[in-house]
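Okay, structure first, notes after.
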Amino acid sequence: RMRLETEYIPNCHGLAHLGYIERFGKSHPDYFALLPDGRRYTEAAMSHTGQLCLSSGIREEIYKDAEAFLTGKPASSRGMKTKYGPVWVPSGFQPGYFNIMPQDSFYECKCDKCQAHFSKGPQATSDFVWGLVNEVANKLKKNNVPGHLTMMAYTPYRMLPSEKIPDNVMVMVAVGGPWYMDKGDTFKREAELVRAWTEKMY
């Protein structure tokens, strides 16, 4: 039941384990989501702090982290700073698997560039987030970096993206599971979503 004899494939909010506030909070506040009042999402008291601005230079840092991990470089080579020290946190990163899922309680950055996507609705939002995944995955392939990115299809980016997903990405679909089995049409929609993602990937 605990799956202790299966391969550990991390797939939950990996970007939250890369110490981005500690590494870039002061030098690059623009890497973090903009709030309506002009502050950046970096304060310790904020719920699920460290929300990112996906239109910023953080995209390149995410790629560099993925490349470093998947090619066996130590976390210290990327200036890693986490509460566990300069390490790749196991719940986000295991040999051959780099989890690129954003921070929990995804916050839609209020900068103009991000809002150009988010303001257009669910499909544009999903395409924008998965666009980052595809960008990193394709660059890894181009540079012959081994391994996989893992990513969860999770609200608000659960909708199938318009673009094809590269074959070095593994996707887990977040659904209600057995708790929805007695909910009729809701359970049917959840099952259909899993089937749709399966067709998208394979």
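The values are calculated or read from the model by the stated rules, or taken from the named source; none is laboratory data. Keep in mind the model is a prediction, meaning the values are calculated, not measured. No Cβ is skipped: glycine too gets one built from the backbone with ideal geometry, and neighbour counts run over all protein chains shown. Calculation scope for accessible area: heavy atoms of the full protein, side chains included, ligands and nucleic acids excluded. Shrake-Rupley method; radii C 1.70, N 1.55, O 1.52, S 1.80 Å.
If you take all other residues with their beta carbon under 12 Å from the beta carbon of His148, and give Lys and Arg +1 and Asp and Glu -1, the sum is -1. Accessible area per residue for region 25-144 is 47 Å², calculated with a 1.4 Å probe on protein heavy atoms, without ligands, DNA or RNA. Here the label points at Met2 and His28, each 7 Å from Cα along the C-beta direction, are separated by 3.9 nm in the simple model. Straight-line cross-link partners of Lys120 among the lysines, defined as a Cα under 23 Å from its Cα and at least 8 positions apart when in the same chain: Lys110, Lys164, Lys200.
Summing Cβ point charges (Lys, Arg +1; Asp, Glu -1) relative to the Cα centre of the chain gives a dipole of roughly 280 debye. The loop-placed trypsin sites (Lys or Arg not before Pro) in region 1-78, going by DSSP, that have at most 13 neighbouring Cβ atoms within 10 Å of their Cβ come out as Arg1, Arg3, Lys26, Arg39. A simple charge model with +1 on the Cβ of Lys and Arg, -1 on the Cβ of Asp and Glu and nothing else charged puts the dipole of region 123-202 at about 180 debye relative to its Cα centre. For region 1-61, chymotrypsin sites (Phe, Trp or Tyr not before Pro) are listed when DSSP marks them as loop and at most 15 other Cβ atoms sit within 10 Å of their Cβ; the list is Tyr8. For region 139-202, trypsin sites (Lys or Arg not before Pro) meeting the loop criterion (DSSP other than H, G, I, E, B) and having at most 11 other Cβ atoms within 10 Å: Lys164. Taking 0.36 nm per residue of sequence separation and removing the Cα-Cα distance, the Glu43/Ser105 pair yields an extension gain of 20.8 nm.
Ignoring ligands, DNA and RNA, what percent of the 1.4 Å accessible area of the chain is carbon and sulfur? In the chain, the share of accessible area belonging to carbon and sulfur is 54 percent.
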